[in-house]
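Remarks on the structure that follows.
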Amino acid sequence: MTGPRRRIAALLAAAATVAVLAGCGVADQVVGLHAVPTEQTGGAPLNEQTAAAITTRVISEAQSARARTGAAGERARKAVLTGPALAMAQAAVTSRTTVAAPDPLATPEAPTVLAIVRGRAWPRTILATTLDAASSRQLLHLLTSPSPTSPFVLVASVPMFAGARVPAIGPVAQGVETVADGTGLVAAPAAILSEYAAALAYPRPARAAHVSLDDELSRSLRTSAAAQTAALKKLATFSQRQQVVGAPTAVRLSGGGALVFALLVRTDTITAASGAKAVTVPAPVAALLGRSQIKRSVTVTTVETVVLVVPPTGTATVIGAAEQLASAKGS
Amino acid sequence: MAIAKQLLSLALAVLGVVVLGVGVWFSTHLGSSGAATFRWSPSDTRPVLLEPSLLNRVDKPLTVTVRPAQGDSVWVGLAAPSDVDAAIGRSSAARLTRVAVRDWAIRAERTGTGEPAAIAGAEIWRSRSTSPGAVTIPVDQRAAPETIVVHGERAPLRSVTVTWRDQTWFVESVLLGFAGLLLAVASLGALVAGRRSGRLSAS
């Protein structure tokens, strides 16, 4: 091949190569091919409708599981309940007592999702609310999914006190943070709960610096303890102590505070005085114990789920609580 | 110089024929509706993931059609890609990642080992359903990126088909073929005319 022919052939080859490469680019342009859009990972991992549907399913299944008996019932409860909700349901079964009204799992109105913990990691958490039409009480429900292949289960269902309210949390789509320690709070939720438990002890309550005792549960317990002491007169003594069980679950409020769910176990003890032949115990305890009188002592265990609002400054407030008689032992 | 012109005409004629062939090939496959359809058939029951690199690289709605084995049902879930990856983990799955236009087929990668993950119980899905018979899933691009997961309830799926539809693609492919035809005819004409004028000047 001569020089000019070789050059022409080379030019043609180059032109063909450029045409093929340009053709690929043109094809991409024609169909509008672009890079895969980036996934947004900052907000809530579920949309509000999906979270509401999940809440409805979980509450319904929890109610159904609570009504079942025997080993199948226990399996069903463990499949859909965890933490405080499971403790409350198991307590109702072992004590053969009904749930005090308003029942948080009674067929609710359609739930409203208040918050979803943000991010793509697990465990995932949903906070929702329903309204108990009979009592006009608002109920708070906390749900969690521990792993990608685990469905959501109920952590807690708690009626709010009359007149109590949950401070602003922010748009659901933005998601909320979980709170693990006391950063930005008047004190760590776990410390505040310990303080609250100690402050509810009877007859020697500790001083509470970071939590208010002017809530429905505190007032009720103080009144009840005083009434029982008065009723027992000198025949027996009444004491009460509270213990925090497990770690609380807390989500950040938009004002910087936290909404905290926790499980407490209350132990009421009636101890007969040395001179007393027999002491008559209150009717609910007698029903649980199987007899109305004791000679030495009786210990009654009650599980309680509480919800607190912990602010950045000032004092924490308990805004809702549920309690369930668990067991009684006496002699 | 005359030889150079003839060579150039010949090259352009060949290019015209190639472009004509490409245009005819595209217009035949797309049809008058401009439907670009790509198909894949699984060989086992592992979950099939249609990934964002397949679904969300073109700003056009598409449809995914899943055909189960005779008498079987199809489970379909749609979720955020990272959620699906977390749920599938290292378990076995078939990932449909892109299309191969030359074969009008979908490229698949088999990943993971062992039993498929229990994804049906996971609560990561923006939507999920189980339907008897073939299922058509419309996908718009508003919630992109998304991953679709499908699997047969009892047996391997018969096929997974993805279709993009744009009538302008058919028009463009016809125009491409026409342009190739014009180029080929003009170049061949120039080539013939060149050879004639060469012979005349030689005689």
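Hey, how many Å between the Cα centroid of region A:80-112 and the Cα centroid of region A:170-215?
23 Å
Please determine, in degrees from 0 to 90 and to the nearest 10, the orientation of helix A:3-31 with respect to the longest principal axis defined by the Cα atoms of chain A, where the helix direction is its Cα long axis.
Between the helix axis and the principal axis of chain A, the angle is about 30 degrees.
With a sphere of radius 14 Å drawn around the Cβ of B:Q70, what net charge do the other residues whose Cβ falls strictly inside it have (Lys, Arg +1; Asp, Glu -1)? Numbers along the way, then the final one.
Values: positive: B:R67, B:R154, B:R158; negative: B:D72, B:E153.
Neighbour charge sum, excluding B:Q70 itself: +1.
Using the Karplus equation 6.51 cos²θ - 1.76 cosθ + 1.60 (θ = phi - 60°), what ³J(HN,Hα) coupling, rounded to whole Hz, does each residue of region A:180-190 give in order, writing x for Gly and Pro?
In residue order, the calculated couplings are 9, 9, x, 4, x, 10, 4, 6, 5, x, 4 Hz.
Can you tell me the order of B:89-100, A:218-229 when each peptide is scored by its average per-residue count of other Cβ atoms within 10 angstrom, highest first? Don't skip to the answer; put the middle values down first.
On the way: B:89-100: 17.7, A:218-229: 15.6.
Answer by packing, highest mean first, reads B:89-100, A:218-229.
In Å and from the alpha-carbon atoms only, list the Rg and Dmax of region B:107-203.
27.4, 88
In terms of the Cα gyration tensor, with a ≥ b ≥ c the square roots of its eigenvalues, is region A:102-176 rounded because a/c is under 1.5, prolate because a/b exceeds b/c, or oblate? Show your work: numbers first, answer last.
Working: a/c = 2.68, a/b = 1.57, b/c = 1.71.
Verdict is oblate for region A:102-176.
So how much accessible area does B:F178 have, in Å² to the nearest 10, using a 1.4 Å probe?
Counting only protein heavy atoms, B:F178 exposes about 120 Å² to solvent.
Per the Kirkwood treatment, what hydrodynamic radius in Å, one decimal, follows for region A:48-330 from the mean inverse distance over all distinct Cα pairs?
Values: mean 1/r = 0.0508 Å⁻¹.
In region A:48-330 this quantity evaluates to 19.7 Å.
Top mean-square fluctuation among A:A258, A:A187, A:A121, Gaussian network model of chain A, C-alpha springs under 10 Å?
A:A121
Average projected area of the Cα convex hull of region B:35-165, in nm²?
Details: hull surface 28.8 nm².
About 7.2 nm², averaged over all directions.
For A:L288, B:L49, B:L10, write out the residues from largest to smallest accessible area, computed with a 1.4 angstrom probe and no ligands counted.
Working: A:L288 35, B:L49 0, B:L10 85 Å².
Ranked from most to least accessible, the order is B:L10, A:L288, B:L49.
Among rounded, prolate and oblate, which fits region B:99-164 when a ≥ b ≥ c are the square roots of the eigenvalues of its C-alpha gyration tensor, a/c under 1.5 means rounded, and a/b larger than b/c means prolate? The partial results should precede the final answer.
Values: a/c = 1.45, a/b = 1.18, b/c = 1.22.
Rounded shape, in that the Cα axes give a/c under 1.5.
Between the helical axis of A:70-80 and the dominant principal axis of chain A, each derived from Cα atoms, what acute angle in degrees is found, rounded to the nearest 10?
50 degrees
Need the C-alpha centroid separation for region B:1-59 versus region A:258-331, integer Å.
Rounded to whole Å, the Cα centres lie 77 Å apart.
Please list the helices of chain B that count as membrane-span-like by this rule: a mean Kyte-Doolittle hydropathy of at least -0.5 together with Cα atoms stretching 27 Å or more along the helix axis, each helix being a complete DSSP H run.
Numbers: long enough: B:2-30 (41 Å, 1.77); B:167-202 (52 Å, 1.01).
Both cut-offs are met by B:2-30, B:167-202.
Taking N as the number of residues in the protein assembly as shown, what value does Rg over Cα atoms divided by 2.2 N^0.38 Å take? Before the final figure, lay out each step's value.
Details: Rg = 36.2 Å, N = 534, 2.2 N^0.38 = 23.9 Å.
Cα-based Rg divided by the globular estimate yields 1.52.
Protein chains only, probe 1.4 Å: how do A:E216, B:E146 rank by accessible area, largest first?
Working: A:E216 70, B:E146 15 Å².
Sorted by accessible area, descending: A:E216, B:E146.
Compute the angle between helix A:48-67 and the longest alpha-carbon principal axis of chain A, please, reported from 0 to 90 degrees and rounded to the nearest 10.
Helix A:48-67 and the main axis of chain A meet at about 40 degrees.
Amide H neighbours of A:F161 under 5 Å, at least 5 residues apart or on other chains, H built in the peptide plane: list them.
Under 5 Å from the amide H of A:F161 lie the amide H atoms of A:G320, A:A321, each far enough along the sequence or on another chain.
In square angstrom, what is the accessible area per residue of region B:35-165 with a 1.4 angstrom probe? Walk me through the numbers before you get to the answer.
Numbers: 5650 Å² over 131 residues.
The answer is 43 Å² per residue.
Give me the percent of DSSP beta bridges within region A:48-330 that run antiparallel, rounded to the nearest 5. Don't skip to the end; give the middle numbers.
Values: 64 of 67 bridges.
The answer is about 95 percent antiparallel.
When a/c reaches 1.5 or more, the comparison of a/b and b/c decides; with that in mind, is region A:135-178 rounded, prolate or oblate per its Cα gyration tensor?
On the way: a/c = 3.36, a/b = 1.48, b/c = 2.26.
It is oblate, given that a/c is not under 1.5 and a/b is not larger than b/c.
What is the gain in length, in nm to one decimal, between A:Q174 and A:R291 on full extension, counting 0.36 nm per residue of separation less the C-alpha to C-alpha distance?
Working: separation 117, 0.36 × 117 = 42.12 nm, distance 5.52 nm.
Working it through step by step, the gained length comes to 36.6 nm.
With a 1.4 Å probe and all protein chains in place, put B:H29, A:H141 in order of accessible area, largest first. Walk me through the numbers before you get to the answer.
On the way: B:H29 85, A:H141 0 Å².
Ranked from most to least accessible, the order is B:H29, A:H141.
So if I average 1/r over every pair of distinct C-alpha atoms in region A:216-300 and take the inverse, what Kirkwood radius in Å does that give? Present the calculation step by step, with values, prior to reporting the outcome.
Working: mean 1/r = 0.0665 Å⁻¹.
Hydrodynamic radius (Kirkwood, Cα only) of region A:216-300 equals 15.0 Å.
The values are calculated or read from the model by the stated rules, or taken from the named source; none is laboratory data. These numbers come from a predicted model, not from an experiment. Note: ideal-geometry Cβ built from the backbone for every residue, glycine included; neighbour counts use all protein chains shown. Keep in mind that these areas ignore ligands, DNA and RNA; they rest on the heavy atoms of the full protein, side chains included. Shrake-Rupley method; radii C 1.70, N 1.55, O 1.52, S 1.80 Å.
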